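Right, one structure below, let's go through it.
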Amino acid sequence: MPQGLRPGGTELRIALYGPYTFQLAAGLRQNPSNDVRLFLDEDTLPASLAGEPLLADSTFVEIGPWGGRQAVLGPARTRVARQFDEFDVALVTELGPIFASKSDTVFFLFRPAGTLPVGHFQFDLDR
């Protein structure tokens with residue numbers, strides 16, 4: 001069995017959300033046994049990706065209005081949450097966990113080094 005195929009020889013369908021997953025998505029895509037789709041929010045697309053030729057590949061990247069106010073307040077009704085249902089696993093950053101938690105797909109928070117503060121958070125639970 002070729003490496004990367006699931007039992008039965010089917011592709012592994014992987015959804016990724018957020019610009020921090022771009023390089024990971026491009027790498028996962030190199031394995032022909034992976035069906036990879038990257039979801040990027042059109043309002044938060046970083047300038048560093050603006051000239052990236054892979055963004056023009058509609059079979060790989062879907063850029064849409066994912067992170068707006070209405071989407072965050074009602075994530076279960078979003079198209080991106082429904083689309084995650086079509087995948088075996090989702091690797092998400094930024095607002096991705098909000099949407100992935102409303103899908104039936106197993107998801108993991110992908111945290112590249114340096115994207116969250118170092119140290120502990122203090123919470124006042126009495127507030």
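Just so it is clear, none of the values below were taken in a lab; they were calculated from the coordinates. Just so it is clear, the structure is predicted and the values come from calculations on it, not from any experiment. Because the Cβ atoms are built from the backbone with ideal geometry, glycine has one as well, and the counts that use them run over all protein chains shown.
Once region 41-80 is narrowed to residues that are assigned to a helix (DSSP H, G or I) and of a type in the set (S, T, N, Q), the residue that is farthest from ARG29 (Cα to Cα) is GLN70. One residue stands out in region 83-97 among those that are crowded, with 19+ Cβ neighbours inside 10 Å and in a helix (DSSP H, G or I): the one that is nearest to the chain's Cα centre (by Cα), namely GLY96.
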